[in-house]
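Here is the structure we will look at, set down as structure tokens.
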Amino acid sequence: MTTSSIEHQPLRYPLWAGRTTAFLAITVSALNLRSAVTSLSPLLSLIGGEFGFGSGTIGVFGMLPPACFALFGTLTPALIRRIGLEYTAVVALGITTAGVALRGLSDGTASLILLSVIALAGMGIVGVTIPPLVREYFSDRLAMVSSVYLIALHLGALVPPLVIVPLTNAVGWRTAVVVWAAVAAAAVALWLVTIRSRKHAPHPHHRNRPEAEAEPVGVLPHHAWRSPPVWNLTVLFGMTSWNVFILFTWLPTLVTDAGYSSGFGGSMVSLLIGISMLIGIFTPTLTIRLHNPTPLVEACMGLYVVGYAGFAFAPRTATVLWVILLGAASSLFIVATTMINTHSRTPAGSAVTSGFVQGIGGAIAVPGPLLFGLLHTWSGGWTASYMLVALSLVALGIAGLRERRHGTIEDDLARSV
């Protein structure tokens, strides 16, 4: 082992010692990264009947998450420079709490869209801050904590669509959508406790808590666009998100078009998310340990090909199997998100990489669900839509082939200087 590799090997501490609230804050924050999306989407037809909007407006709601994640994710590093990682998380989660809570007071389509944008803006910022927070507090346990927060992200997407309709039947849709604000408020409280405990940590010369040793984010570099590995990861993340949001938006329609009930279509979305979450238990560790992650990326791409082909040519033959394969393929989102920390060595580098990858990559994903639906409308079938998916998988495969090593943004920026 070289001297430099020893220097970069972090000291390993017990998981809970001195950083319990940071671990809980990261986990609960991750629960909020999709809940504002999946707690509303099953109710859009119901709310549309009350507010008077149809499928076109539902398509707009489908575009809002990737659009907001892209816009506000790109702006997040500037906010981190100004107020720091933890306070950025607090502000963002506060925004999400307000947006989700006030959606229950919406009096029409415009206010519902506006408040959804507010909620999604906070979620987009939080999504960018979590990878560098994991790097800052748990550099000695990146794989394990990455697994936990990505599983929490999937749980935040999985649970709302399972319970939101029965909850709406019991208390009405307005109260049902407000309930999820409590999760964001809990994350705010946990970060405030974490910040307070860090301020009262022992003097640096007498540290006995890992939380006191969390590395400050420092000065963030401005030129992530100079790093080829970061650009390649951005394409990989963008194409993966493109397919994930297409499936979130259109999988129920594909299932019902195959002759199943709308209830079965909704359950297939939960199955898709659940399979991805289960595989996500292992993929962060595998991603970090692999020196060459290309085989992992290409394997997920192959699963996408088989799953989409199943729906295209034999949708009723083995529908559940096709969904399982697509769910396994969608675990590539976990792989790509984990790579944010394999493409950086410091909290500052992770923050910039996270903002660039999730911002620009999210922008790549924005037109995916809309174009998939428009091609279906214009052509009267799904063939053109599947051809669009095939093109995205080609781009995904090329990006995967270029992921032969975990190059870091710090090294690339040093070389460019």
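The values are calculated or read from the model by the stated rules, or taken from the named source; none is laboratory data. It should be emphasised that the depicted structure is a prediction, and the values quoted were computed from it without experimental measurement. Every residue, glycine among them, receives a Cβ derived from its backbone with ideal geometry; neighbour counts consider all protein chains shown. For accessibility, only protein heavy atoms count, side chains too; no ligands or nucleic acids. Shrake-Rupley method; radii C 1.70, N 1.55, O 1.52, S 1.80 Å.
Considering only protein heavy atoms, what per residue accessible area in square angstrom results for the range 273-318 with a 1.4 angstrom probe?
Using a 1.4 Å probe on heavy atoms only, each residue of the range 273-318 averages 49 Å².
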Could I have the simple spin-label model distance between ASN292 and THR256, label points 7 Å from Cα toward Cβ, reported in nm to one decimal?
4.7
Do any chymotrypsin sites (Phe, Trp or Tyr not before Pro) in the range 266-353 lie in a DSSP loop with no more than 15 other beta carbon atoms within 10 Å, and if so, which?
PHE282
Of the convex hull drawn through the C-alpha atoms of the range 254-306, the volume per residue in Å³ is 66
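What is the diffusion coefficient of the range 73-179 in µm²/s, taking the Kirkwood radius over Cα pairs and the Stokes-Einstein relation at 20 °C with a viscosity of 1.002 mPa s? It would help to have the intermediate numbers written out before the result.
Working: Rh = 15.4 Å.
Translational D for this selection: 140 µm²/s.
How large, in percent, is the carbon and sulfur part of the accessible surface of the chain at a probe radius of 1.4 Å? Working shown, then result.
Details: 11730 of 16950 Å².
Solvent-exposed carbon and sulfur of the chain make up 69 percent of the total.
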Mean separation of Cα pairs under 8 Å and 6+ residues apart, divided by the residue count of the range 45-168: what relative contact order is that in percent?
27
Find the relative contact order for the chain and round it to a whole percent, using C-alpha pairs within less than 8 Å whose residues are 6+ positions apart.
25
With everything on Cα atoms, drop me the angle between helix 109-137 and the longest principal axis of the chain, reported from 0 to 90° to the nearest 10.
30
Could you let me know the centre-to-centre spacing of the range 77-133 and the range 284-317, using Cα atoms, in angstrom?
32
Pick out which of GLU136, GLU50, GLU298 has the largest mean-square fluctuation in a Gaussian network model of the chain, springs linking Cα atoms closer than 10 Å.
GLU50
For the chain, the longest site-free run once trypsin sites (Lys or Arg not before Pro) in DSSP loop states with at most 15 other Cβ atoms within 10 Å are removed
13-206
Kirkwood Rh over alpha-carbon pairs of the chain, then Stokes-Einstein at 25 °C and 0.890 mPa s: what D in µm² s⁻¹, rounded to an integer?
113
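Which shape class applies to the range 14-122: rounded if a/c is under 1.5, otherwise prolate when a/b exceeds b/c and oblate if not, where a ≥ b ≥ c are the square roots of the Cα gyration tensor eigenvalues? It would help to have the intermediate numbers written out before the result.
Working: a/c = 2.65, a/b = 1.99, b/c = 1.33.
It comes out prolate by the Cα gyration axes.
For the range 323-396, what's the relative contact order in percent, using C-alpha pairs closer than 8 Å and at least 6 residues apart? Present the calculation step by step, with values, prior to reporting the outcome.
Numbers: 21 pairs, mean separation 10.5, N = 74.
Taking the mean separation of contacting Cα pairs over the length of the range 323-396, I get 14 percent.
Once a ≥ b ≥ c are taken as the square roots of the eigenvalues of the Cα gyration tensor of the range 327-409, is the result rounded (a/c under 1.5), prolate (a/b larger than b/c) or oblate (a/b not larger than b/c)? Provide the component values of the computation, followed by the final result.
Details: a/c = 3.15, a/b = 2.20, b/c = 1.43.
Prolate is the answer for the range 327-409, as a/c is 1.5 or above and a/b outweighs b/c.
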If you roll a 1.4 Å probe over the heavy atoms of the protein chains, what accessible area per residue do you get for the range 70-164, in Å²?
30
Simple spin-label estimate for MET144/ILE281, 7 Å along Cα→Cβ, in nm, reads 1.6
